[in-house]
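Read the figures in this text as sums done on the coordinates, not as results from a lab. Not measured: the values here are computed from a predicted model. Neighbour counts are summed over all protein chains in view; Cβ atoms, including those assigned to glycine, are modelled from backbone coordinates with ideal geometry.
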Protein chains: 2
Amino acid sequence: MKDTNTLFQHGTLALLVPGLLTGTIKIADFLKHGDTGIGTGEGLDGELIILDGVAYQIDGDGNVNELGDDFTVPFGNMHFADYKPFKSVDNLDLAGMPEAVLGAKSLANAFFSIKLTGEFKTMKTRSVFKQSKPYPTLAECSDKQHVFDGENKKGTVLSYFSPQLFNGAAVGGFHSHFLADDKSQGGHILDFTGFTGKIELQVFSNLDQQLPIDNAEYMDHDFSKDDIEGAIEHAE
Amino acid sequence: MKDTNTLFQHGTLALLVPGLLTGTIKIADFLKHGDTGIGTGEGLDGELIILDGVAYQIDGDGNVNELGDDFTVPFGNMHFADYKPFKSVDNLDLAGMPEAVLGAKSLANAFFSIKLTGEFKTMKTRSVFKQSKPYPTLAECSDKQHVFDGENKKGTVLSYFSPQLFNGAAVGGFHSHFLADDKSQGGHILDFTGFTGKIELQVFSNLDQQLPIDNAEYMDHDFSKDDIEGAIEHAE
């Protein structure tokens, strides 16, 4: 039976900070934990969004590619979709999204996902080209990001919210990716304005946090020397 | 099939800090997630240790009681035991335990459990009487702890290690409870000296973090005002 109460997370945000970018789960195995998700590829090879069981990559050029089973992921979230209607909104900007959700319901201490479907007046996304070994740090990568600007885009925003207590393991607050219905744009969301459409909500009771314990680079790394919060603030 | 790769955690250490001490999982449900574990009762009603599927409470007087199915827990860890031999030690003190384990193997970035069985020259444990509503904070409770000193105690130390990244959600580092073979002593370990016996190890790939999302006090609480790290340092 599909467990719709659990958010699966492979890897942690913190391991991206020092550049531990080796893919440690294959898409085929990642998809065993859900049909809906976000993530990045090995070497930060693009931004991923998984909708209805199909895994898409938005690569450094902004192309939207369907991913094969053997593509690997260092960090990502996945769950089995069971969204409930939450609210309809008119002309919502990204800056107003937290208040639109958290102001309506006490959710700041839970893991949850929201899905926005409708039209966005402007949509600003980013992606990154695959990096080579020795991998750069997250801060170095985000300085090399490619930004894509869209107007009047119909599509889906898939967003995960993690309680601030878990910042570093997860992205504290909202972490949102986009895919246009016509596949003309996607990626990690930097900003959007003028969203009109519906917001759906799925609240999780459990986080299934998987760590890449068979990866020696991960197990041997000394995280105490990394400025995890600072790097995350810079990159997200 | 029993999943021996997953450490289950109900609640977070952080919710104890402001005194969110309502029991939000029954022992009967907690035991569905394993046969081995530690925790505390509603209102910090003693220190718990679960061995071979039996849940014991060390109450504020130091008595060891078997718990019924309806006893409730605000925070605890549980897993299905599948320990592997790790090392035999002679005359080990608690202060030397981290080096004895982490110095032998790269484990600081994983969740794992160790089980020490043998004899302890001295064993210092603590427990707390059940607190009443309005519940005190964790710092106030630990000032009221009862300390028990044992000598030449045969028994079991059950310890969970969580990566520092998860401090606040879990207890970063080691979190250890004790039960004497003859049930003459138990509780949360403050110190031990002169342990001679065997250490067994079980490493987890996954943390199944369950949050009490049906508890309104938890969901409505503003954790941003709590000094979580300071209170944990004081209490643990």
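Side notes on the structure shown:
- Set of lysines with alpha-carbon distance to B:Lys144 below 29 Å, sequence-local pairs under 8 removed: B:Lys26, B:Lys115, B:Lys121, B:Lys124, B:Lys130, B:Lys133, B:Lys153, B:Lys154, B:Lys183, B:Lys225
- Ranking A:Phe223, A:Leu21, A:Phe192 by Cα position along the charge dipole of the range A:6-235, where only Lys, Arg, Asp and Glu carry charges on their C-beta atoms, puts A:Phe192 farthest toward the positive end.
- Relative compactness, the range A:176-236, computed as alpha-carbon Rg over 2.2 N^0.38 Å: 1.68
- The range B:66-169 shape via C-alpha gyration tensor axes, a/c threshold 1.5: prolate
- Among B:Val64, B:Val157, B:Val54, residue whose mean-square fluctuation peaks in a GNM of chain B (springs only between Cα atoms under 10 Å): B:Val54
- Rounded to the nearest 20 debye, dipole of the range B:6-235 from Cβ charges on Lys, Arg, Asp, Glu: 600 debye
- Length added when fully stretched, A:Asp227-A:Glu99, from 0.36 nm per residue minus Cα-Cα: 43.2 nm
- Trypsin sites (Lys or Arg not before Pro) within the range A:95-159, DSSP loop, no more than 16 other Cβ atoms inside 10 Å: A:Lys105, A:Lys130, A:Lys144
- When only alpha carbons are used to place a centre, the range A:58-117 and the range B:69-92 end up 37 Å from one another.
- Computed on chain A, with alpha-carbon pairs under 8 angstrom and 6+ residues apart, the relative contact order is 29 percent.
- Estimated from the Cβ-Cβ distance and a Förster radius of 51 angstrom, the FRET efficiency linking A:Asp143 and B:Asn63 is about 0.25.
- Percentage, to the nearest whole number, of Cα pairs in the protein assembly as shown over 37 Å apart: 29 percent
- Highest GNM mean-square fluctuation among A:Met97, A:Met123, A:Met78, for chain A modelled with Cα contacts below 10 Å: A:Met97.
- Peptide A:200-206 shows a mean partner chain C-beta count of 3 within 10 Å per residue C-beta.
- Efficiency of FRET between B:Ser132 and A:Asn91 - r from beta-carbon atoms, R0 41 angstrom, step 0.05: 0.25
- Listed from fewest to most Cβ neighbours within 10 Å, the set A:His33, A:His234 follows the order A:His234, A:His33.
- What you get for the protein assembly as shown, charging only the Cβ of Lys and Arg (+1) and of Asp and Glu (-1), is a dipole of about 360 debye around the Cα centre.
- Just checking the listed ones, A:Thr156, A:Thr122, A:Thr36: in the Gaussian network model of chain A with Cα springs under 10 Å, the one fluctuating most is A:Thr122.
- Inter-chain Cβ neighbour average for residues B:104-112, partner chain, 10 Å: 4
- Along principal axes, Cα extents of chain A, largest first, whole Å: 48, 37, 34
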